[in-house]
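Each remark here refers to the structure printed beneath this line.
The values are calculated or read from the model by the stated rules, or taken from the named source; none is laboratory data. Here the structure is a predicted model, which means the values were calculated and not measured. Positions of Cβ are backbone-derived with ideal geometry, glycine not excepted, and every protein chain shown enters the neighbour counts.
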């Protein structure tokens, strides 16, 4: 991930509200609200976010509690902690990281699930008769 950020939330900053930026965001402090970028978000080791987070690419070394959507890549570093569901095209979870939630990785190549045709009653009875389920005694 690139090291230049348009917006930096410092270690001692507490932000209550939504943060939307077209450029990259570095979070080192605390945010209670939505964090959204058209580019990248880096969640530093001291960062705590309570709310949804969305960007093209997200790197997590701190804590996020909420839904995370990464249109390209989400990377959870060893000190990273995520409590919430993830929707990401690419997901990297490094050893030592914490992730509690569900992960969805959408793909344009999703396989089709083929449904089996229902077993007709007549065929079912014939099979059960052959197996002796309805044997008359």
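For segment 68-109, name all the residues that are assigned to a loop (DSSP other than H, G, I, E, B) and at pLDDT 95 or above.
Taking segment 68-109 first, the residues assigned to a loop (DSSP other than H, G, I, E, B) are 77-80, 84-85, 94-97, 101-102, 105-109.
Across segment 68-109, the qualifying residues are 77, 78, 79, 80, 84, 85, 94, 95, 96, 97, 101, 102.
Listed here are the residues, each with its yes/no results for (1) more than 20 Å from residue 5 (Cα to Cα); (2) touching a strand residue (DSSP E or B) at 6+ places or on another chain (Cβ under 7 Å); (3) surrounded by fewer than 19 Cβ atoms within 10 Å (Cβ to Cβ); (4) in contact (Cβ under 8 Å) with a residue 24 or more places away in the chain.
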residue: 46; (1), (2), (3), (4): no, no, yes, yes
residue: 61; (1), (2), (3), (4): no, yes, no, no
residue: 70; (1), (2), (3), (4): no, yes, no, no
residue: 73; (1), (2), (3), (4): no, yes, yes, no
residue: 86; (1), (2), (3), (4): yes, yes, no, no
residue: 92; (1), (2), (3), (4): yes, yes, yes, no
residue: 96; (1), (2), (3), (4): yes, no, yes, no
residue: 100; (1), (2), (3), (4): yes, yes, yes, no
residue: 104; (1), (2), (3), (4): yes, yes, yes, no
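Take the residues in segment 2-27 that are modelled with pLDDT of 95 or more and buried (at least 19 other Cβ atoms within 10 Å of the Cβ), then tell me which one is farthest from the chain's Cα centre (by Cα).
9
So which residues in segment 1-40 are closer than 18 Å to residue 71 by Cα, in a loop (DSSP other than H, G, I, E, B) and without any contact (Cβ under 8 Å) to a residue 40 or more places away in the chain?
2, 22, 23, 24, 34, 38, 39
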